[in-house]
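Worksheet: the structure to be examined is printed underneath.
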């Protein structure tokens, strides 16, 4: 072998190794979240509402230390998909975790036939989602996803009704991050769908 051939072969192997590393990193850099919408009640059709998200998490990062160690190449984005009631899911796109939550609540409201307004006031109430926790951790060989929030229905800036929802889900680690996707997707769907929008409107004397 000539020295030129050895160098070319070495460069080729180096390029292949770099491609393998980049491909491996790309395959695990986003947590996959599938949000399954509930059946619409049909009671809130045509109601107007302004949606606001307030971040009151004590720890702003989505990944806790254990999950950070497992997902070393996390892109800080969540691959978000939505499934309408009794339908297959479709991907909307990667978003930062907070944007995923706001987009999911938007989809939930729209599925009820609620018209989203740009501003509150003049007869248009405001649904304020105060986020307390949205996180993923890895403890004792299990993925642990947690989410909690308070929903406040305001009229003219005054809270007329509120609900608090929280929960967590655990999944054992299987292939790569599949358990993480399942844990986050499960708790995401459960906590968002446990918000009783009809009762919220009734408690606020808007129904």
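Bear in mind these aren't lab numbers, they're just calculated from the coordinates by the rules spelled out. Everything quoted here is computed from the prediction, not taken from an experiment. With ideal geometry, Cβ positions are generated from the backbone for all residues, glycine too; neighbour counts draw on all protein chains shown.
Computed values, structure above
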read-out	value
Relative contact order (%) - segment 60-156, alpha-carbon pairs under 8 angstrom, separation at least six	28
Stokes-Einstein D (µm²/s) once Rh is taken as the Kirkwood radius of segment 26-103 over alpha-carbon pairs, at 4 °C in 1.567 mPa s	87
With 5 Å bins from 0: P(r) over segment 88-183, alpha-carbon pairs, percent	2, 11, 16, 19, 20, 13, 9, 6, 3, 1, 0
Between segment 46-123 and segment 146-207, the Cα center-to-center distance that results, in Å	11
Label-to-label distance, nm, for residues given as residue 45 and residue 85 (7 Å Cα→Cβ offset)	1.2
Inter-label distance, nm, simple model (7 Å from Cα along the C-beta direction), residue 139/residue 156	4.6
